[in-house]
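Novice: Please read through the structure below; I'll follow up with questions.
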Amino acid sequence: MAKKQPPDRAQLIDAAKAAMKNAYAPYSKFRVGAAVLTSAGQIFTGCNVENASYGMTNCAERTAIFSAIASDGPKLDIRAVAVVNDRGVPCSPCGACRQVIYEFGPEAIIFFPGAKGWKQAHITELLPEGFRLK
Ligand code: THU
């Protein structure tokens, strides 16, 4: 049986890096970019957008997902997500973003910088027992 092709990691990482340049991160000075690959083969990107009321900050991953839906509607099916930051430090999606990724990509593969280079994980490894209403 043919092995299922992994999504194009390099292309997705490049898209995330481009989006990272648009980050609004005056408080943490930690710029993050994310890129979402859909099952239709499209790529949507996002960056972190901070706020003086820190808790209102939107992570790069959620910005990318919300941008995808704003552009193409609610039938989003996420195949993969790539996350990058401008410090080259380990950075996996936060808990809130894991839950939002799971909503639209229960089979999604996540690429992120680990302690020893790029890591790849299934969303259910990052978020066991994710919550779903459907
Ligand atoms: N951040 C992201 O955008 N994505 C992550 O995966 C980790 C954290 C942002 C939120 C905040 O603007 C800054 O990084 C520091 O936490």
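Novice: Counting Lys and Arg as +1 and Asp and Glu as -1, each charge on the Cβ, what is the dipole of the chain about the Cα centre in debye, to the nearest 20?
Specialist: Computed charge dipole of the chain: roughly 260 debye.
Novice: Quick one: TYR102, TYR24, fewest Cβ neighbours within 10 Å first, how do they rank?
Specialist: TYR24, TYR102
Novice: How much length would be gained if the chain were fully extended between GLN42 and ASP86, taking 0.36 nm per residue of separation minus their Cα-Cα distance, in nm to one decimal?
Specialist: 13.4 nm
Novice: Right, another one. Loop only by DSSP, 15 or fewer other Cβ within 10 Å of the Cβ. Give me the GluC sites (Glu not before Pro) in region 49-130 that pass, ordered by residue number.
Specialist: GLU107, GLU129
Novice: With every atom except the alpha carbons ignored, what do you get for Rg and Dmax of the chain, in angstroms?
Specialist: Over the chain's Cα set, Rg and Dmax evaluate to 14.1, 53 Å.
Novice: Can you give me the angle between helix 9-20 and the longest principal axis of the chain, using Cα atoms only, in degrees from 0 to 90, rounded to the nearest 10?
Specialist: In the chain, helix 9-20 runs at an angle near 20 degrees to the longest axis.
Novice: Rounded to the nearest Å, what's the spacing between the alpha carbon centres of region 22-53 and region 58-102? Just the number, please.
Specialist: 8
Novice: Follow-up. Among LEU37, LEU127, which comes first, then next, by fewest other beta-carbon atoms within 10 Å?
Specialist: The fewest-first ordering by Cβ neighbours comes to LEU127, LEU37.
Novice: Select from GLY117, ALA40, TYR27 the residue farthest towards the positive end of the dipole of the chain; place +1 on Cβ of Lys and Arg, -1 on Cβ of Asp and Glu, and compute about the Cα centre.
Specialist: In the chain, that residue is GLY117.
Novice: Pairing the Cα long axis of helix 60-72 with the longest principal axis of the chain, what angle in degrees results, from 0 to 90 and rounded to the nearest 10?
Specialist: Taking the Cα atoms of the chain, the angle to 60-72 is about 60 degrees.
Novice: Excluding residues fewer than 8 places away in the same chain, name every one of the aspartates and glutamates whose C-alpha is closer than 18 Å to that of LYS75.
Specialist: Leaving aside aspartates and glutamates fewer than 8 places away in the same chain, those within reach of LYS75 are GLU61, GLU103, GLU107.
Novice: Compute the FRET efficiency between LYS29 and LYS134 as 1/(1 + (r/R0)^6), taking r as their Cβ-Cβ distance and R0 = 35 Å, and round to the nearest 0.05.
Specialist: Between LYS29 and LYS134 the formula returns 0.35.
Novice: Identify the trypsin sites (Lys or Arg not before Pro) of region 48-81 meeting these criteria: DSSP loop state and at most 13 other C-beta atoms within 10 Å of the C-beta.
Specialist: Answer in residue order: LYS75.
Each value in this text was obtained by applying a stated rule to the coordinates, not by laboratory testing. Note that the structure is a prediction, hence the values are computed from the model and not measured. So basically every Cβ, Gly included, is an ideal-geometry build from the backbone, and we count neighbours across all protein chains shown.
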